[in-house]
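Taking it in order: structure first as structure tokens, then the write-up.
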């Protein structure tokens, strides 16, 4: 998605909450190779709550030419409007995609996120606002080079590729928190990792992938993904063989 021509800026998504107690839910989204005036602009009611989780963002403010180059302008990737309470957890975010408080006074709580390429390596490096920020911990901060070396790259949408990767087992279990989310679909998605879709070129349809379930007890993975260490099954070895030597 590219910025439209003219004086009017474009957004990836913008929506308004309805009423002062309106809550918003933004989850299971993949955003990459974009250059819009705003990214995700969410108006929460003054007494509402926003839940933002299982989202992946990279190549924000990208420059397009013979190659696609990552941007360096951080503003407006995630935007909070008006006020209310925000929970930003289990997201994978590559710099410069950061959070901006546009209006009002927002109370933000962070947990279990994978932040790549942000300096300083704390939530203040991501939330460049005057919001009241609370970090509940279990965040994974990596430089771009360190993340890429472990396998978190654009080619696999910054998903972990091995059980030894930094995000695997690094998160806090949030099962009880998920059960308190008022929207039943969002509450169910909260206990799973980002799955995404696969494009079926034969039928020209998007086929949902089955996301890995996060454990009901024990550590979750940080970031949008829950690593599934599945291995191919091995056939049983043949029995009752004989050999003839000539």
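Can you give the translational diffusion coefficient of the range 97-146 in µm²/s, computed by Stokes-Einstein from the Kirkwood radius over Cα pairs at 4 °C and 1.567 mPa s?
The estimated diffusion coefficient comes to 114 µm²/s.
Looking at the range 70-127, I'd like the Rg to Rh ratio, where Rg is from alpha-carbon atoms and Rh is Kirkwood's inverse mean 1/r.
0.95
Could you pull the Cα extents of the chain along its three principal axes, largest to smallest, in whole Å?
The Cα atoms of the chain stretch 86, 48, 41 Å along the principal axes, largest first.
Between residue 132 and residue 210, what is the spin-label point distance in nm, taking each point 7 Å from the Cα along the Cα→C-beta axis?
Label at residue 132, label at residue 210, 4.4 nm between them.
Bear in mind that the values in this text are calculations on the coordinates, not laboratory data. In this text the structure is predicted, and so the values were computed from the model without any measurement. Don't worry about glycine lacking a Cβ; one is built from the backbone with ideal geometry, like all the others, and counts go over all protein chains shown.
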